[in-house]
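Asker: Sending over a structure as structure tokens; questions will come in a sec.
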Amino acid sequence: MTLLTRQDPATGHPVARAGRPRGRRWKRYPTWKFYAFVSPWVIGCLALTAVPMGYALLLSFTDFDGLSGNWRWVGLDNYTTAFHDPVVWASLRRTGLYALIAVPLSLAGGLGLALLLNQRLRAMGVFRTIFYLPSVVPVVATALMFKLVFDRDTGLVNGILAWVGIDAVPWLIDPHAFTILIMLSLWGLGGGMVIFLAGLQAIPAELLEAASVDGAGPLRRFWHITLPVLSPMIFFQLVLTLITTLQTLVQPLLLAPAVSGGAGGGATDATHVQQGDFLYMVNVYAQFFSYQKYGYGAALLWILFLVILAVTAVVLRSSTSWVHYEVDQDGSEQ
Amino acid sequence: MTTPKLTLSNRDALGARRGRRLMYAALVLLALVFLAPLVWNALYALKSRSESASTDVHVLPQSAEWGNFHRALTMIDFGRYTVTTFMLAGIFALLVTASSALVGFGFARLRGRGRKPLFTLMLATTMVPQILTVIPTYVIFSKLGLVNTYWPWVLWGLAASPFHVFLFRQAFAGLPRELEEAAILDGCGYFRIFWQILLPLVRPVIATSIILAFTFVWGDFITPAIFLNGDNTTLGVAMAAGYTDGGITLNNVLAAGTVFYVLPVLVLFFVAQRSFTRGVATSGLKG
């Protein structure tokens, strides 16, 4: 027999009750305890997310340069400037292109690898570890390793190409830099693979067996069972990958060739970033830290935020037509 | 598998075997491609200075130059960067785990008005681009004199992280109610229930949270690059700046430094791969 307790609202003393069915609300403690427990996040979110965002919004209506105290309100000037700024449009197009290529490829690649590894074969654990490994390597190290692999004179890839008789390709500068940026993002697709693998392993084997007894081939089983069951996961991954991809900044900075040549150097300077890698956030970063245009940079940040919100909203809306929810989404009650 | 196998003709079995062999070949090839940057970097760290500048590329170093590893540690203030990185990562990991456990417990076990919308809001904030807050936070913190100190990481740690909160909430929500009900009957307060009864039961999640937070800060580039300057920076930023000798960049020494920089993460990964997988899988399974 289980004892469920409740607090008497008047006295605050616990009252024992026997055999009461679950699921009904009952008050057993003052609710301030809930707020006390969640207060770190609430205060932290206000102070470290809401305030900075609000501050950025205020800045975006000024011509603040980050140092001097003299600034003035410029109204919507920063936003109209951004709208007419060809650099902003070019970087936005570049970011869109990057997302259009990198997001589907990394999702499909992750799913494909997960499908391969989901078969009960030998040494699958080893392969899973190998594919997963790159996604935990720090981004700085990833970029440095890619620079060594793709170096024009001393890199592995051009070494192999030379062996086959192909001339050295300057991978790290335009027009090839963009390709390397995409490859770098694909190298980390193991994170998605692990998620998909977890989802695949949660699919009841009876479901797939029943389908094959009914004469469904592998393709139809994939299309009608595996894909629908995985769709919430794919959707969640799509949203997350899309958001991270649209705000990509670090990889182009780190891949930018140093002035003196070589793998290191110049990483905190946006001005060496190749045109092909000149994503939206690279421009924002340059506005802040190369040109000290804090007001303009803040406006660009807010524009990106609105763009990301809009894109997310579109994806969310589309989800009703292709995301299949088998069970109630709300997992908060057990 | 207890289910009986469906009848397979010999031809099917032969085809299956061939397909399997083909798949293994594809997997091995892919694995080589995925490992190439790591292996190439490790081999590069052994190249001599003249070989690392030569266009005559060999996969294996012509002579192993172990001195590169020593140079990587001594040419720059490696020790100081390592201590800084370790401190920042450690402080953040411990604080964010503690605060997130509290918040996760609150969401999982306590009730209050607005609990559900608050939880939804918290999940929604994970969608706010991080970079959007980092730069304005820098502007504010520079006015408060918090730039170039450990304080930003302390504050971020105290503020809890939605992702870690989510991990803890899931773990706490899965524990039976009877545990705390018995404790309440015995007159135990909620903080003690949290601290003495439920927290010890979610030890694997604590480990996961600490490991993930630690590797996150260890691998972070943009925050230390913006918030710390010069000598006070982290190993990651130092590696990005590279090694130079009289204006000449030394890629072989840098490769050796990169090995040292990546090593702790790889060790953690192999020791606690389950933690990484759990972190990723939990975040992915729930929308």
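The values are calculated or read from the model by the stated rules, or taken from the named source; none is laboratory data. Remember, it's a predicted structure, so these values are computed and weren't measured experimentally. So basically every Cβ, Gly included, is an ideal-geometry build from the backbone, and we count neighbours across all protein chains shown. Ligands, DNA and RNA are excluded from the accessible area calculation, which covers all protein heavy atoms including side chains. Shrake-Rupley method; radii C 1.70, N 1.55, O 1.52, S 1.80 Å.
Asker: For B:99-106, what's the mean count of beta carbons from other chains sitting within 10 Å of each residue's beta carbon?
Answerer: 5
Asker: Here is a further query. In µm²/s, what is D for chain A at 25 °C and 0.890 mPa s, where D = kT/(6 pi eta Rh) by Stokes-Einstein and Rh is the Kirkwood radius from Cα pairs?
Answerer: The diffusion coefficient I find is 100 µm²/s.
Asker: With a 1.4 Å probe and every protein chain left in place, tell me how much accessible area A:Phe236 has, in Å² to the nearest 10.
Answerer: My reading of the accessible area for A:Phe236 is about 30 Å².
Asker: To continue, here is another question. Using a cut-off of under 13 Å, list every residue of the stretch A:145-184 whose amide N is near the label point 7 Å from the Cα of B:Val59 along the Cα-to-beta-carbon line.
Answerer: Output list for this probe position: A:156-157, A:159-161, A:163-164.
Asker: Hey, what's the Cα Rg ratio for the stretch A:34-81 versus the globular rule of thumb, 2.2 N^0.38 Å?
Answerer: 1.62
Asker: Here is a further query. For a bin width of 10 Å, list the pair-distance distribution of the stretch B:78-285 built from all Cα-Cα distances, rounded to whole %.
Answerer: Distribution as computed: 8, 28, 31, 21, 8, 3, 1, 0 percent.
Asker: Continuing with this model, one more query. Students sometimes get this wrong: rank A:His84, B:His58, B:His164 by accessible area, probe 1.4 Å, all chains present, largest first.
Answerer: Accessible-area ranking of A:His84, B:His58, B:His164, largest first: A:His84, B:His58, B:His164.
Asker: Sticking with this structure for a sec: About its Cα centre, how strong a charge dipole does the stretch B:78-285 have in debye, to the nearest 20, once Lys and Arg get +1 and Asp and Glu get -1 at the Cβ?
Answerer: With Lys and Arg at +1 and Asp and Glu at -1, about 640 debye.
Asker: Related question: Out of A:Asp277, A:Asp151, A:Asp85, any idea which swings most in a Gaussian network model of chain A, alpha carbons joined below 10 Å?
Answerer: Fluctuation is largest for A:Asp85.
Asker: Using the Cα atoms as the points, what is the convex hull volume per residue of the stretch A:216-323 in Å³?
Answerer: Dividing the Cα hull volume of the stretch A:216-323 by its residues yields 127 Å³.
Asker: Over chain A, what relative contact order in percent results from Cα pairs under 8 Å that are six or more residues apart?
Answerer: Computed value for chain A: 22 percent relative contact order.
Asker: Solvent-accessible area of B:Arg177, probe 1.4 Å, all protein chains present, reported in Å² to the nearest ten, please.
Answerer: 30 Å²
Asker: Along its principal axes, what span do the Cα atoms of the protein assembly as shown show, with the longest given first and each in whole Å?
Answerer: 84, 82, 50
Asker: Compute the relative contact order of chain B as a whole-number percentage, counting only Cα pairs closer than 8 Å that sit 6 or more residues apart in sequence.
Answerer: Averaging sequence separation for qualifying contacts and normalising by length gives 29 percent for chain B.
Asker: Per residue of A:49-55, how many C-beta atoms from partner chains lie within 10 Å of its own C-beta, taken as a mean?
Answerer: Rounded to a whole number, the mean comes out at 5.
Asker: Another question about this same structure. Give me the percent of Cα-Cα pairs in the stretch A:199-250 that sit more than 18 Å apart, rounded to a whole number.
Answerer: 45 percent
Asker: Would you be so kind as to identify which of B:Ile248, B:Val265, B:Pro61 lies farthest towards the positive end of the dipole of chain B, taking Lys and Arg as +1 and Asp and Glu as -1 on Cβ and the Cα centre as origin?
Answerer: B:Val265
Asker: Mind putting a number on the dipole of the stretch A:79-322 about its Cα centre? Charges go on the C-beta only, +1 for Lys and Arg and -1 for Asp and Glu, and I need it in Debye to the nearest 20.
Answerer: So the dipole magnitude of the stretch A:79-322 works out to roughly 340 debye.
Asker: Moving to a separate point now. So how far apart, in nm, are the two label points at A:His272 and A:Ser318 if each is 7 Å from Cα heading toward Cβ?
Answerer: According to this spin-label approximation, the distance is 3.7 nm.
Asker: Then there is this: Give me the 1.4 Å probe accessible area per residue for the stretch A:79-322, excluding ligands and nucleic acids, in Å².
Answerer: Averaged over the residues of the stretch A:79-322, the accessible area is 42 Å².
Asker: Toward the positive end of the charge dipole of the protein assembly as shown, about the Cα centre and with charges on Cβ (Lys, Arg +1; Asp, Glu -1), which of B:Leu118, B:Gly230, A:Ala258 goes farthest?
Answerer: B:Leu118
Asker: Any idea how far the Cα center of the stretch A:285-329 sits from the one of the stretch A:126-155, in Å?
Answerer: 28 Å
Asker: Can I ask one more? Chains A and B: how much accessible area gets covered up at their contact, both sides added, probe 1.4 Å, in Å² to the nearest hundred?
Answerer: 9400 Å²
Asker: Along the Cα→Cβ direction, 7 angstrom out, place labels at A:Thr129 and A:Leu186. What is the inter-label distance in nm?
Answerer: 2.6 nm
Asker: Ok, one more. Taking springs between alpha-carbon atoms closer than 10 angstrom, which of A:Leu253, A:Leu97, A:Leu172 fluctuates most in the Gaussian network model of chain A?
Answerer: The residue with the greatest mean-square fluctuation here is A:Leu97.
Asker: Please check: in the Gaussian network model of chain A (C-alpha springs, under 10 Å), which one of A:Val51, A:Val213, A:Val273 has the largest mean-square fluctuation.
Answerer: Answer for the Gaussian network model of chain A: A:Val213.
Asker: In addition: How would A:His324, A:His224 rank on accessible area, largest to smallest, probe 1.4 Å?
Answerer: So the residues, ranked largest to smallest area, are A:His224, A:His324.
Asker: State the number of lysine pairs found in the protein assembly as shown whose Cα atoms come within less than 24 Å, restricting to pairs 8 or more positions apart or on distinct chains.
Answerer: Step by step, the pairs that qualify in the protein assembly as shown add up to 5.
Asker: For q values of 0.16, 0.20, 0.25 Å⁻¹, compute log₁₀ I(q)/I(0) with the Debye formula on a Cα-only model of the stretch A:160-241, without solvent.
Answerer: At q = 0.16, 0.20, 0.25 Å⁻¹ the computed log10 ratios are -0.75, -0.92, -1.18.
Asker: Something else now. Taking a probe of 1.4 angstrom, what is the accessible area of B:Lys143 in Å², to the nearest 10?
Answerer: 130 Å²
Asker: Keeping every protein chain in place, order A:Tyr132, B:Tyr24 by accessible area at 1.4 Å, biggest value first, i.e. largest first.
Answerer: B:Tyr24, A:Tyr132
Asker: Within chain B, which complete DSSP H helices have Cα atoms spanning at least 30 Å along the helix axis and a mean Kyte-Doolittle hydropathy of -1.0 or higher?
Answerer: Correct list, ordered by number: B:10-44, B:78-109.
Asker: Counting only other chains, what is the mean number of Cβ atoms within 10 angstrom of the Cβ of each residue in peptide A:203-212?
Answerer: 1
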